[in-house]
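So the structure is just underneath, and the comments pick up after that.
Each value in this text was obtained by applying a stated rule to the coordinates, not by laboratory testing. Bear in mind that the values here come from a model prediction, so they are computed numbers and not experimental data. Here Cβ is always computed from backbone atoms with ideal geometry, including for glycine, and neighbour counts include all displayed protein chains.
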Amino acid sequence: MAKILVVDDDELIRELLADAVSRRGHTALCTGTLAEARRILAREEPDLVYMDVRLPDGSGINALEEIRAGKSAPEVIIITGQGDPDGAELALRCGAWDYIEKPTSVDRMVLPLLRALAFRDEKRRRRSPTLAAGSGIVGTSPKMAACLARAAMAAASRVDVFISGETGTGKEVFAQAIHQSGPRAANRFVVVDCTTLPGNLAESELFGHERGSFTGADRRQTGLIAQADGGTLFLDEVGELPLPLQVKFLRVLQERRFRPLGGETEIKSDFRLVAATNRDLSAMVRRGEFREDLLYRLRAFRIELPPLRQREGDIQALVEAHLAKAAERFGGTVREASPEFLEMLATHDWPGNVRELLQTVDMSLVSAHDDPVLLPQHLPLDLRVRLMRRSVTDRAEAGQGQAADQADGQLAEFRPWREHRAQLLDKAEYAYFSALLQQVDGDAAQAARLSGLKSARLYELLAKHGLLKASRRKTRIPVIPE
């Protein structure tokens, strides 16, 4: 018997699903808000969640990764009365089992439940793959948990892997963890930095060459592809691979065979490819800078690493792990990061991601010298100045906003026209949507039709002006006999 949580603000839908779930021998738990859903998830640890997209206190899709990363890691089926292709794509990318548009039949809603529970039972019988101990990856945020799960799946298979993410997010660390956790761990991990491949010698670097194959080739050289035989070939920043080489490398991926420069016979190399990039390869394809067929081959199994600013709660864990490594590497006791130090780190957006964070911690250790506790004063001066300027600016803008409200729209001082226009537009928007919701008795679906706005945009504007509580959903599902 499984526990099924139904999260929908429509009472009729909750009743229909609860009845269908109970008649199949499972326990149904119901709520109409995200806040209550979180409490039930922590207390009951359900096996599957039916989740509406638009709830009175937030978005079901935005909470999807958090729910999937919970202790019971429930499967999630999204149900929505406002179908949206972008929302469907986002739901699947965030790990949803299925995406169902209302109204529909009870059978249509229950069928994915049965399949998801069967899949879950089979998964429990199997031992879930994990990364090897000491992988060096730190983080428990929902987005990182999803990436770690995919990396473990990749390590347990023979599939080629494509890792994307901003500079400094840890693409090479993930590549090494996949290699060390898989059956090729005893063999070589060969790194190819595509940004440093020498233009006229790039082919020789990858494929190798025979003696005398070109001017200066005074000895035979084994290429990086051959060196990766039996192990892993890591192509870092694959977007920088020269176009002429892309054609030849595509054939290597297809055949796992190649011919060194000046060679007469082909060489076989049984390698697993892990490619990484911080660039948008799809955009490069449209510009003619990257081959589309090669991109399809690279994207066999994709892991998209989140930037540090989206990894809620991971900064403290990263700092503490780095301080422990520093103590082990250089000797001495483990330094402690003060709450104020961590708080300042959390306010920065970290464009350089984890790499920038760890470099900042190292600089703080140098500044702290023998002090046992890291304080904000130990941070690099330029970072402290940037954070202080942002803090002062934010407080000033907040004060200006309060002064503008007190003036009730009257210009005590001549402000820039754009600021004045934005304030008047906000007031007009609030008045319009307040009147609209009153006209339709809070029915969000009817409000979207009358306003001519897409439901997602309407929801965004209502949230902007604090009017979500005044709206309600009137979706009804016709009961179709099973």
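Here are some notes:
- Amide proton proximity set for Ala132, modelled H, under 5 Å, gap of 5+: Ser181
- Asn187 versus Glu343: modelled label distance in nm, points set 7 Å from Cα along the beta carbon direction: 5.3
- Here the chain is assigned +1 on the Cβ of each Lys and Arg and -1 on the Cβ of each Asp and Glu. Its dipole about the Cα centre then comes out at about 1220 debye.
- Overall, segment 310-385 carries a charge dipole of about 200 debye about its Cα centre when +1 sits on the Cβ of Lys and Arg and -1 on the Cβ of Asp and Glu, all other atoms neutral.
- Put the Cα centre of segment 146-215 next to the Cα centre of segment 1-69 and the gap is 42 Å.
- For Lys171, Lys454, Lys3, order by how many other beta-carbon atoms lie within 10 Å, fewest first: Lys454, Lys3, Lys171
- Here the contact order of the chain, divided by its residue count and restricted to Cα pairs under 8 Å and six or more residues apart, works out to 13 percent.
- Convex hull volume per residue for segment 128-266, taking Cα atoms only, in Å³: 125
- Rg and Dmax of segment 146-202, based on Cα coordinates, read 13.1, 41 Å.
- For the chain, Kirkwood radius (reciprocal of mean inverse C-alpha pair distance, Å): 26.9
- Working from Cα pairs under 8 Å separated by at least six residues, relative contact order for segment 142-306 is 34 percent.
- Ellipsoid semi-axes in whole angstrom, largest first, where each is sqrt(5λ) of the Cα gyration tensor of segment 1-66: 19, 14, 9
- Gain upon complete extension [Gln227, Gln254; 0.36 nm per residue less C-alpha separation]: 7.9 nm
- Seen against the Cα atoms of the chain and their longest principal axis, helix 381-407 is set at about 20 degrees.
- Protection proxy ranking, highest mean first, for peptides 96-106, 186-196: 96-106, 186-196, where packing is the per-residue count of other beta-carbon atoms within 10 Å, averaged.
- Order by protection proxy (mean Cβ within 10 Å, highest first), peptides 433-444, 360-371: 433-444, 360-371
- In this Cβ point-charge picture (+1 for Lys and Arg, -1 for Asp and Glu), segment 3-125 has a dipole of about 620 debye about its Cα centre.
- Taking Cβ atoms as reference points and 11 Å as the exclusive limit, the residues near Leu379 contribute a net charge of 0, counting Lys and Arg as +1 and Asp and Glu as -1.
- Prolate/oblate/rounded label for segment 3-125 (Cα gyration tensor, a/c 1.5): rounded
- Among the chymotrypsin sites (Phe, Trp or Tyr not before Pro) within segment 206-236, those in coil by DSSP and having at most 13 neighbouring Cβ atoms inside 10 Å are Phe214.
- Mean separation of Cα contacts under 8 Å, 6 or more apart, over the residue count of segment 3-125: relative contact order %: 22
- Antiparallel content of DSSP bridges confined to the chain, in %, to 5: 15
- Spin-label model distance (nm) - Val159 vs Arg38, 7 Å beyond Cα toward Cβ: 3.2
- Computed per residue of the chain from DSSP H runs no shorter than four, each worth -39500 (n - 2.57), the mean residue ellipticity at 222 nm is -14500 deg cm²/dmol.
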